[in-house]
Each structure stands twice: as structure tokens, then as C-alpha cells.
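So the structure is just underneath, and the comments pick up after that.
What follows is calculated from the coordinates using simple rules that are stated; it is not laboratory data. This one's a predicted model, so the numbers in the text were calculated from it and none came from an experiment. No Cβ is skipped: glycine too gets one built from the backbone with ideal geometry, and neighbour counts run over all protein chains shown.
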Amino acid sequence: MMVPDDFRLIERCLDGNTEAFASLVEKYQMMVYNIAHKMVGDEETARDVAQDSFISAYLSLRDFRNGSKFSTWLCSIVMNKCRDFLKSNKRMQVPIDEVAEPEICLVSSPESELYRKQCRQHIKAALDALPLEYREVIILKHMEGLDYREMEKILQVPAGVLKVRTYRAREKMKDILQKTGVLS
């Protein structure tokens, strides 16, 4: 169900109030940027993708269904823009600093900082090695914390398929990390 404030803002946007859309942009800009940044791996490109996403949302606002959640609809636009970018550029990179630090990297010793850096590099390489469809589910499920229902709406893929993809993506990452010696 849509947040009441979002509903009012969208109605005002459709009536021609550009300040209402500016309020929506302000409310969701960090979410949009964070998803774009995790997908494309570059700050400047992420800003461009975020801006393109908001422009597309504004131009398509009449197509938005009021029974839906605006954030989910907006997230699907961002994911589509990221896919378009990644397909046109073929290689996707995630900056090492953006990779979530797993518990295996949380050792307390004088070498812990170096170990954490090495873990991030290995995880980054594993993420980079994943096919796009696996990478999407890892980012949405484990980095953005979305549930399968939200992911289903964003990616337009049945929840059962997403669960399988998530499992396979984790297994693929685990295999890669085992081959590099990060996991035993």
C-alpha cells in the first residue's frame, strides 16, 4: 500500500506542481542513488543513473498505479536504468569500499585491517564475477534488505524464481570465495 504522503505528492505532481515532485526526489534520492551505486559501482555514473531514473519516473508518473508502493515502482525504474547501463558497458564494477564486510573478516589481531581489506577485495571480485541476474538479487536482498515480494515487483520475476536465484548466487559466491581461499 502506498504511503499517504506519497499519494498526495503524486496527485499534486499530476496537477502540475513541480515542487511536489521535488519533495519525492528529496525523500527517495538516497535510496535511488545507493541502489544505482551498488549496481554500477561508480559515483558519477550512479548520479547519472539516479537522475535518469527520476526523469523517467516524472515522465511516467501517469502510468503509476495508486495501489502500488511508490518506492517499489521507483526502484524498478532504477534497476532497469542500471541494467541498460550495464548492458551497454558490458563490465560492472563495485568499489571495494561499498562491499559489505562479512563476519569472517571481523578478526581481532594486529593484521585485522589488512585482512579486512583482502576480504573486501575477494568479495568484490566474487560480486564482479556473478552474472547480472545473480548480482541484482544479492544487492536487493542482502545489501538493500528487501523481501522477496518487493523484489518480485521490482524485477518482475516470480518470488520462487528469485529465491532460487538468491540461493544460486550465494552458492556461486561461496564457490568463488572457496577457490580463492577466503572460505574453507
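Points to keep in mind about this one:
- Taking the C-alpha atoms only, the angle from helix 112-129 to the longest principal axis of the chain is near 60 degrees.
- Calculated Rg/Rh (Cα atoms, Kirkwood Rh) (choose from [x] 1.03; [y] 1.22; [z] 1.15), label: [x]
- The ranking of Asp42, Asp63 from fewest to most other beta carbons within 10 Å of each one's beta carbon is Asp63, Asp42.
- Computed about its Cα centre, the charge dipole of region 112-178 is approximately 160 debye, with only Lys, Arg, Asp and Glu carrying charge at their Cβ.
- In the chain, a dipole from Cβ-located charges (positive for Lys and Arg, negative for Asp and Glu) runs towards its positive end, and of Cys119, Gly67, Phe7 it is Cys119 whose Cα lies farthest in that direction.
- Relative to the current alpha-carbon distance between Glu44 and Gln178, full extension at 0.36 nm per residue lengthens the span by 44.9 nm.
- Mean residue ellipticity at 222 nm, helices only, the chain: -22500 deg cm²/dmol; runs of at least 4 DSSP H residues each add -39,500 (n - 2.57), and the sum is divided by the number of residues.
- Between the helical axis of 4-14 and the longest alpha-carbon principal axis of the chain there is an angle of about 60 degrees.
- Seen from Ala126, the other residues with C-beta closer than 13 Å to its C-beta sum to a net charge of +4, counting Lys and Arg as +1 and Asp and Glu as -1.
- Seen against the Cα atoms of the chain and their longest principal axis, helix 43-59 is set at about 30 degrees.
- The Cα atoms of region 1-91 cover 40, 22, 19 Å along the three principal axes, with the biggest extent listed first.
- Cβ-Cβ FRET estimate between Asp5 and Leu61, R0 fixed at 25 Å, reported to 0.05: 0.95
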